[in-house]
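A short worksheet on the structure shown next.
The values are calculated or read from the model by the stated rules, or taken from the named source; none is laboratory data. Small disclaimer: the values here were computed from a predicted structure and weren't measured. With ideal geometry, Cβ positions are generated from the backbone for all residues, glycine too; neighbour counts draw on all protein chains shown. Protein only, heavy atoms only, side chains kept; ligands, DNA and RNA dropped before computing areas. Shrake-Rupley method; radii C 1.70, N 1.55, O 1.52, S 1.80 Å.
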Amino acid sequence: MYNIPLTVLEFSVPKRDNYLEVSELSNIKFQKLHEIPGTKLTIGSLVEVFNSGVTDLYGVIRWIGIPSNSKNILVGIEVEDDPSLRNLNTSDGTYNGVRLFQCREGGAIFVPSNKCASDRRFVDIEGSYSFGAVSTDRNSIKFGHVDCPSVLGAVPPLVIKDIDGLEDICGKFKGIQGHHNSCYLDATLFSMFTFTSVFDSILYRKPNSEDISHYSAVQNVLRDEIVNPLRKNVFVRADRVMKLRTFLDQLSSVSGLTSEEKDPEEFLNSLLSQIMRVEPFLKLSSGQDSYFYQLFVEKDEHLTFPTVQQLFEQSFHSSDIKLKEVPSCLIIQMPRFGKSYKMYPRILPSQVLDITDIIEDSPRQCSVCGKLAEFECRECFGSLQLGSGLECTAFCQKCLKAVHMHEKRSHESKKLSVPGDFKVMADNMTLPRLYMELFAVVCIETSHYVAFVKTGSGPDAPWCFFDSMADRKGEKNGYNIPEMISVPELPEWLSDEGARHINERSANDKALPEHAKRLFCDAYMCMYQSTDVMMYH
């Protein structure tokens, strides 16, 4: 059996501004080790602990060392479950008054090294290649001589405000390294975490009684070995990602996540729903909850270059549902089925998504006079090609009557739900509209996923293009080289005028610039965020 190390941590006791191998904060000194001699167990290895009266006790090694008053090796372990610790002395990573590592209160135990063994619940998934048995140096050779140390703590997302700053961090061996059909996961993770904090609650929520036993282990790998290194060093090696894929494959109902071609929604379902138990982003008026929204629309032959805004409104109108509240994140799947069939040859990702008219209790403007709307007529849904959608379905009482006076217009309307305290203020204020900002577009072409990701906030923020398998070294048994490229033209392409110009100028897809073609023709999933709501999540 093999152990899967969660992190290669550099825990020790701080003195002045550096880290020492020996702690001098008490009468007991500690000689720090990085592995248990004669074993494959290192800091970060998943282990099971054998102790009298305790069964099924699992955890991850956070510290290894020898106290000055003993010849025996002591191992500090962050355990998965608290209920099993009734008969053991626990701490928050402190031993005899000395801080050796950080963890939750009651989550740490210290045991002799002979009480630890590799966690038998996990087995090697790649034949002779075992995470527990292969040294960091050998992994560097296997994946391209680029180091990828774990990064502990909280690292904020990158914020790049101009194209020069973006150019400084772009290039080869940047981003997440692909391996074994991992592009579906690489592109999605890169989009979710590199330049935004909208998903950061996943990294820091503490476990509760309803979580799976491996919740903390998965969270540690995601945060310390993938997201933090990505944000600090702009690179994550493939073996780090494989640890997460192994957990997902073994702990969720989605199989084949370590080697097979998958889609982003399968990865999101495995990570968000089944393992991390993230609260769904979307709460629908139908009573259903969801992590992403699939656009289901009937093709309009008059639309040659629809926007996500148009298709979004059409989809919500045809399904007759609304959102109960403004989401912090809105992930929209394009109207395509499988990797080949696309309903529209080109779709323009809307830079800003107006969601005012699909929020259940959101105050809306009368489409005629602009005052507070009190009624909605779904049959007044406008023509998409003329740009009139859900906004045209809201009316005040006076305008509703005027618009529907003609005997041939026998539409049925329904009263809107408007917060009572808002009605009092409505006549003395401009009715607000609710917007979400596009921050990433995941694209697919011939079974390969890539991503365009916005590196800052606002319409002029630069965008980068990320491909986890941009190049390959060593042919069949070699390794992939990830790459980040700045795309200075992208803000212009996403503007109404710029998009119309390039669309009319390049009737043939092959005539489009390479990145424009991928953006317009291959969009698979658009990610939007509400900078206002995400602060409270």
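Given the structure, is residue 188 at pLDDT 90 or above, over 30 Å from residue 525 (Cα atoms) and not charged (D, E, K, R)? Spelling it out, it is not the case that residue 188 is at pLDDT 90 or above, over 30 Å from residue 525 (Cα atoms) and not charged (D, E, K, R).
Can you work out which of the residues in the stretch 226-256 that are over 28 Å from residue 330 (Cβ atoms) and in contact with a helix residue (DSSP H, G or I) (Cβ under 6 Å, 6 or more places away or on another chain) is surrounded by the fewest Cβ atoms within 10 Å (Cβ to Cβ)? Looking at residues that are over 28 Å from residue 330 (Cβ atoms) and in contact with a helix residue (DSSP H, G or I) (Cβ under 6 Å, 6 or more places away or on another chain), I get 239.
For (1) under 15 Å from residue 188 (Cβ atoms); (2) part of a loop (DSSP other than H, G, I, E, B); (3) assigned by the TED database to the domain that holds residue 170, each residue gets a yes or a no:
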| position | (1), (2), (3) |
| --- | --- |
| 449 | yes, no, yes |
| 453 | yes, no, yes |
| 456 | no, yes, yes |
| 472 | no, no, yes |
| 480 | no, no, yes |
| 492 | no, no, yes |
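May I ask you to verify whether residue 76 is modelled with pLDDT of 80 or more, open to solvent by less than 80 Å² (accessible area, probe 1.4 Å) and in a strand (DSSP E or B)? Yes: the conditions hold for residue 76. Selection over the stretch 356-367 of residues that are free of Cβ contacts under 8 Å to residues at least 60 places away in the same chain and either at positive phi or surrounded by fewer than 18 Cβ atoms within 10 Å (Cβ to Cβ) (or both) gives a count of 1. Look at residue 209 and say whether it is touching a residue at least 60 places away in the same chain (Cβ under 8 Å) and either open to solvent by less than 20 Å² (accessible area, probe 1.4 Å) or out of contact with any strand residue (DSSP E or B) (no Cβ under 8 Å at 6 or more places or on another chain) (or both). Considered against the rule, which asks whether it is touching a residue at least 60 places away in the same chain (Cβ under 8 Å) and either open to solvent by less than 20 Å² (accessible area, probe 1.4 Å) or out of contact with any strand residue (DSSP E or B) (no Cβ under 8 Å at 6 or more places or on another chain) (or both), residue 209 comes out as no. Entry remark, the stretch 390-434: residues being part of a helix (DSSP H, G or I) and either open to solvent by 60 Å² or more (accessible area, probe 1.4 Å) or modelled with pLDDT of 80 or more (or both) number 17 in total.
For residue 353, the criteria (1) modelled with pLDDT under 85; (2) surrounded by 16 or more Cβ atoms within 10 Å (Cβ to Cβ); (3) among the aliphatic types (A, V, I, L, M) hold in every case but one, which is (1). Annotation: residue 331 fulfils all but one of (1) aliphatic (A, V, I, L, M); (2) part of a loop (DSSP other than H, G, I, E, B); (3) at pLDDT 90 or above; the unmet one is (2). Inside the stretch 296-343, residues that are surrounded by 19 or more Cβ atoms within 10 Å (Cβ to Cβ) and aromatic (Phe, Trp, Tyr) make up a count of 2.
Residues of the stretch 281-295 being free of Cβ contacts under 8 Å to residues at least 12 places away in the same chain and open to solvent by less than 60 Å² (accessible area, probe 1.4 Å), which ones? Residues satisfying the conditions are 287, 290. Would you mind telling me which numbered condition in (1) open to solvent by 70 Å² or more (accessible area, probe 1.4 Å); (2) at pLDDT 95 or above residue 162 fails? Of the numbered conditions (1) open to solvent by 70 Å² or more (accessible area, probe 1.4 Å); (2) at pLDDT 95 or above, the odd one out for residue 162 is (2).
Exactly one condition in (1) under 19 Å from the mean Cα position of the chain (by Cα); (2) open to solvent by less than 50 Å² (accessible area, probe 1.4 Å) is false for residue 346; which is it? Evaluating residue 346 over (1) under 19 Å from the mean Cα position of the chain (by Cα); (2) open to solvent by less than 50 Å² (accessible area, probe 1.4 Å) leaves (1) as the failure. Name the residues in the stretch 452-480 that are open to solvent by 20 Å² or more (accessible area, probe 1.4 Å), in contact with a Gly (Cβ under 7 Å, 6 or more places away or on another chain) and not charged (D, E, K, R), would you? Of everything in the stretch 452-480, those that are open to solvent by 20 Å² or more (accessible area, probe 1.4 Å), in contact with a Gly (Cβ under 7 Å, 6 or more places away or on another chain) and not charged (D, E, K, R) turn out to be 469, 479. Taken over the stretch 257-276, the criterion of being open to solvent by 10 Å² or more (accessible area, probe 1.4 Å), in a loop (DSSP other than H, G, I, E, B) and either at pLDDT 95 or above or not basic (Lys, Arg) (or both) is satisfied by 258, 259, 260, 261, 263.
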